[in-house]
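One structure is given here, and the rest of the page talks about it.
Any read-out appearing in this document is the output of simple, stated calculations on the displayed coordinates, not a laboratory observation. Everything quoted here is computed from the prediction, not taken from an experiment. For neighbour counting, all protein chains shown are included, and Cβ atoms are generated from backbone atoms with ideal geometry for every residue, glycine included.
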Amino acid sequence: MFTTPRLLALTTFVLTPLAAWSKPLPEATVEQAAARIDSLLEADLKRAGSTPNPRVDDATFLRRAYLGIVGRIPSEAEALAFLDDRAGDKRSALVDRLVASPGFDSHLFNWTADLLRVQTRQEQFGLGWHVWLRQSLAGDTPWDQLVSEMLGATGHCVTDPAVGYYLRDRNMQLDNFSNSMQVFLGRQIGCAQCHDHPFDTWTQYDYYQMAAFGGGIEYRSKEAQDLIRKTVQELSSSKTAANGPREIKAAGKNKNAEKKRRRELQRANKTLAGQFRPIFKDFNKNAILDDPGAMLKLPDDYQYRDGKPGEIVAAETLFGEKISGVAPEDRRETFAAWVTSPDNPYFTKVIANRLWARTFGHGLVDPVDDWSEDTVPSHPEVLAYLDTTMKGVGYDLRQFLRILYRTRLFERECLDEEPAMGMPLAFRGPTLTRMSAEQLHDSFLVLTRSSIDDSPTPAFTKSWDAYRQQVTNLLNAETRDLVLLGESARQGEKLLREAQAGLRAAQKARAVAGTPAERSAAQAEFQHAREEFLAARKQADPLRAMQMGKRAGARDNNGSLRASEHPAPFNPGSLVREFGGSDRQTPSSSDTTATVPQALALLNNPKTDIVAGKKSMLGRQLANLKTPRERLDCLFLTLFSQRPDAAEQERFLPLAKDPTALRDLARAMMTSNRFLFIQ
Amino acid sequence: MRPNQLDEINRRDFLSRTARTCFGLTIGGSMAKLFDSPAFAADPAVVQAGGGKAKHVIYLYMSGGMTHLDTFDPKPDAPSEYRGPVKAISTKADGIQLGHCLPGLAKHADKIALIRSLSTTQGAHEQGKYLMHTGYAPRGTVTHPSSGSWVAKLAGRINADLPPFVLVGGANRHPGGGFFEPEFSPLPIGDPELGLQNIRRRSNTTDDSFKRQLDLRRELDHDFDTRYHKGQKSVRAYNEVYDAAVTMMNSKDLEAFDLSKEPADSRAAYGSERFGQGVLLARRLVERGVRFVEVEYGGFDWHADNFEQMEEKIPVLDQALSTLLSDLAARGLLDSTLVVVATEFGRSPKITPNAGRNHFPKAFSCMLAGGGVRGGQVYGATDKTGSNVIENKVGAADFNATIAFSLGLPHDLPVMSPAKRPFKMGGQEGKPITAIFG
């Protein structure tokens, strides 16, 4: 039922109108594309003797649309506006409005940043990459361009913030490469880094051939290198000039003396350069450069016959368009173009399938990141059509998702049973999903504040601009200022070395301390040494001392910022992390597993108490409502996005008469599965 | 094989009440060994072979791939491009050397068994972590349970009020309970200093209100649960964690999670870093009857500046681990507690131009102590540069089978997944290393 191979004829039929699309897509085009997806799915169901699930009611659709598209529940006012709207096309109107709103950007950013493992506070580039990604998504940078900008990025993060993609895995180019293959092309070839792939055709040599496209990447700053060279030249030529031309002339008479003089000059320049290096220590952590002379070599323990340990491997692609013999300086651009090419057999399908799984809860290919040559999607025709659609919308994720949200599938009741892992799903409806940690976080904002502003705050951008300005200032600094800065940086380094030695001594003393008294004395000593060390480390870096540091971003003092406006990842133990919010360690590490601390947080954490306390908007609102009926409606609309039905009214109206009982009801709703899950 | 747990709990209740009323004592600390009767009977054959002594496991996981050459398998005679600036130090056990950042552990070398012959084929973090935790390579169609969940399932609880498996500081994508039902999933503690948060009722909530809230939750979910409870494991899981949360709120052993109850010098002895405090938390939990506590310590992925990072990081492990071993020994808990130090792979022996070491699954080291493991020994060996295992190769499945053996659990008992496929704690073909016991 899932493998009818007549896709070509079908796809060419719609290819032409798609290619001519412009943004935002005309209504008729969206309708046509969504209908096409539905008819393909429904034809498959019919062949299997099955039927699609019925259409959900308005309230369920409303909640699903808000959470799925903008990542939060609707406010009471938003819920009422939709439920009481009599227009026949109100569902598609809601989808279109939400897709075009800033809430869409926030929600898509969380998802993409999780996929790419963006850590806001990694050195300084983390913030730049975060800001760049947020703005690129909000500005509808096409996915192929966005990926290509990251894969082809080079230089310092202030000039090319997309370079964060590489700096994220500083000194781990091979891991970064494995991740690229998995994230963008769905191919898991990481095993082949150490040995031939156990159940795919990948050999270790293949792996190195592909990885060789990144073989020229070095994690240091050309900007710093150039500036140091320039400064040293300037200082040394002024020194030579001061020494006078006669001396040079005199030295020129003797060849040996001349050689000696040159050597000395070189040595002096090297020492001089060394004095400036500490200023630019952070530069090397925030920049990469491409060295055309650097080549990837086979590892020392290479054990297969097709190569020798330490042998240089030439870059070559192994599927899709065959590319080899690339000039070293073109390696990365070639790779970026190859990955993101519409002809790449995986690139378009992988992102289309990822977005499909994000929308409906299960991939047409599942798991979404483990494709192989013989992957068979559950619905080949649908996937082929999505591939065409993605190309047709020019890799515009907003328009692509808009089409998915406008399908009948998005309006169907969800499945009673969870799909089996890695098994094909018939898609009679979407799956039941637990809210993500960020959806829960943002929904709390709706509950605790009557209205919610989905637009981003300027805090991150401001900090980032300030940092950029400072780096620019440094790069344009006068030589005498650099001399002064170098001086202070060296002093800082010296202090740091001393503090480090102190810390080591304290550590050693602590390890060998015998009696409890000695132990606690040694511990105190250690603690002290550690503080000194941390202080020295902070000071050792003039750039770090003079710029904003890593605490960039808005302060969420009153708890009003959306999850996407926080530095990521959230701290362990925070509500977001308790609910499985991404730790940004592995691609898409968000998790929705139930845990006891989650239940405890919703039951007992004062911060999740939405109805008590002076700050509670909902509490105040309920207190101001006159009748039990109004209070009950308010609670149901706010938490469940619907009015209570007749049975619920009968059962719960008595509770709405008593403030304590009403509060208990509100808290119970907060902890209910009905609230936590998206049907 | 499953004994009567109620008896054990009643006995515990009786003892702690008597201790409190008659002697003003709180049960815990050295008294805990009173409770050391197992909740399951170890397999006689296993006991015969020297296993089955452990009742608990403290599993310390060094995430990112801990360098073997610079810690458990130093090579003082290797060329400097392998050895680097690391010195091998002698230890309390004759003939056993450790890297110079482990002076504390050196004093307890008579308690430990170093396994220097681990070898796998998983050189990527995620896959390697998964393999070490579950004994299986990752597959797209099933999530295998991790060793802690296996122990929870096969050994059962000692203390009915506390979860059998606690995970401290775990990263996301931990395989957790895998395909097992939710009750065997780990209880995660993000930050040991914060302990188990929100365990007390809100101050503005009465007991009656709280009960009504719980009843209303069920009522509100009636239709939802009718529809989804059967087919959706995640829905069942939420209903279970609410029950478990309420049980825990009423537990008398909650202070196990509260490090502020620990004397200041003992807190200091474990080290002020989050990891050290997590290890201390593990000891408190094990004392009160938690079966398996995993404490994760992240950040071992040193592709550059290996030796600088080592000087910062290994002493933290050294302090916490050596304190744990002496603390458990002093409390008489070392024989009944298996202490494990594990990681996903070692690091490439030849030092890179960045002074780093890359991933190296072909040969690496782990450590076992207590739980019937004979101290002061080394099992397996690598060649002169730590590049190849030359004796007694151990795989991830063997390693997990060894944990099972220590607890007297059947490492080869098949448990069916929902898709009716058999899986075992000792992986497909894991064999316990019985030679290190007794």
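In table form, for the structure just shown:
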quantity	calculated
Additional length obtainable on full extension of the chain from A:E321 to A:A77, 0.36 nm per residue less Cα span	82.5 nm
A:D343 paired with A:V483, simple spin-label distance in nm, labels 7 Å along Cα-to-beta-carbon	5.8 nm
Charge dipole (the range A:594-678, unit charges on Cβ, about Cα centre) - positive-most of A:A599, A:G619, A:L655	A:G619
Set of the range A:624-656 residues, backbone N closer than 11 Å to the point 7 Å along the Cα-Cβ line of B:D223	A:643-649
Stretchable slack from A:S372 to A:R262, in nm (0.36 nm times residue separation minus alpha-carbon distance)	33.6 nm
Dmax and Rg, reported as Rg then Dmax, of chain B (C-alpha, Å)	22.0, 72
Of A:K285/A:K538; A:K297/A:K494; B:K75/B:K424; B:K92/B:K384; A:K90/B:K230, those spanning more than 27 Å from alpha-carbon to alpha-carbon	A:K297/A:K494; B:K75/B:K424; A:K90/B:K230
Principal-axis tilt of helix A:459-475 within chain A, Cα atoms, nearest 10 degrees	10 degrees
Whole-angstrom gap from the range B:209-258 to the range A:403-426, using each part's C-alpha centre	27 Å
Highest-MSF residue in chain B out of B:E294, B:E219, B:E255 [GNM, Cα springs under 10 Å]	B:E219
Paramagnetic reach from B:K233 (point 7 Å along Cα→Cβ, amide N under 20 Å) across the range B:166-205	B:166-167, B:171-188
Compactness relative to 2.2 N^0.38 Å, alpha carbon Rg of the range A:459-546	1.55
Residue-span extension gain [A:K657 to A:T457] - 0.36 nm each, minus C-alpha spacing	67.9 nm
Inter-site label distance for A:N254 and A:D301 at 7 Å from Cα along Cβ, in nm	5.7 nm
Percent RCO, i.e. relative contact order, over chain A, from Cα pairs under 8 Å lying at least 6 residues apart	21 percent
Theoretical FRET efficiency, 1/(1+(r/R0)^6), r = Cβ-Cβ of B:A330 and B:S260, R0 22 Å, to 0.05	0.55
Total charge dipole magnitude, the range A:557-660, about the Cα centre, Cβ charges on Lys, Arg, Asp, Glu only, Debye to nearest 20	400 debye
Long-range HN-HN contacts of B:Y59 with modeled amide H, under 5 Å	B:V293, B:E294, B:V295, B:V340
Degrees between helix A:90-99 axis and first principal axis of chain A (Cα, 0 to 90, nearest 10)	10 degrees
Spatial separation of Cα centroids for the range A:186-236 and the range A:309-383, in angstrom	19 Å
Order of A:L484, B:L325, B:L214 under a 10 Å beta carbon neighbour criterion, fewest first	A:L484, B:L214, B:L325
Within a Gaussian network of chain B (alpha carbon springs, distance under 10 Å), most fluctuating of B:D73, B:D335, B:D265	B:D265
Inter-part distance where the range A:608-679 and the range B:150-197 are each reduced to a Cα centre, Å	34 Å
Approximate shape of the range A:163-232 as ellipsoid semi-axes (Cα gyration tensor, √5λ), whole Å, largest first	32, 12, 8
Nearby aspartates and glutamates by direct alpha-carbon distance to A:K607 (threshold 16 angstrom, same-chain neighbours under 8 apart not counted)	A:E438, A:D442, A:D556, A:E578, A:D664
Under the Debye formula (equal points on every Cα, no solvent term), log10 I(q)/I(0) of the protein assembly as shown at q = 0.05, 0.06 Å⁻¹	-0.36, -0.52
FRET efficiency for B:I390 and B:K431, using Cβ-Cβ distance with R0 set to 22 Å, rounded to 0.05	0.70
Two-site label geometry, A:K626 and A:A647: point separation in nm, points 7 Å out along Cα→Cβ	3.2 nm
Modelled FRET efficiency - R0 41 Å, A:K538 with A:K270, Cβ distances, 0.05 increments	0.90
Packing-based exposure ordering (other Cβ within 10 Å, fewest first) of B:M416, A:M295	B:M416, A:M295
Cut-off 15 Å (backbone N to label point 7 Å along Cα→Cβ of A:V512), residues of the range B:104-129	B:104-108
Intensity falloff of the range B:200-257 expressed as log10 I(q)/I(0), Debye formula with alpha-carbon point scatterers, at q = 0.12 Å⁻¹	-0.37
In degrees, nearest ten, helix A:7-19 long axis to first principal axis of chain A (Cα)	80 degrees
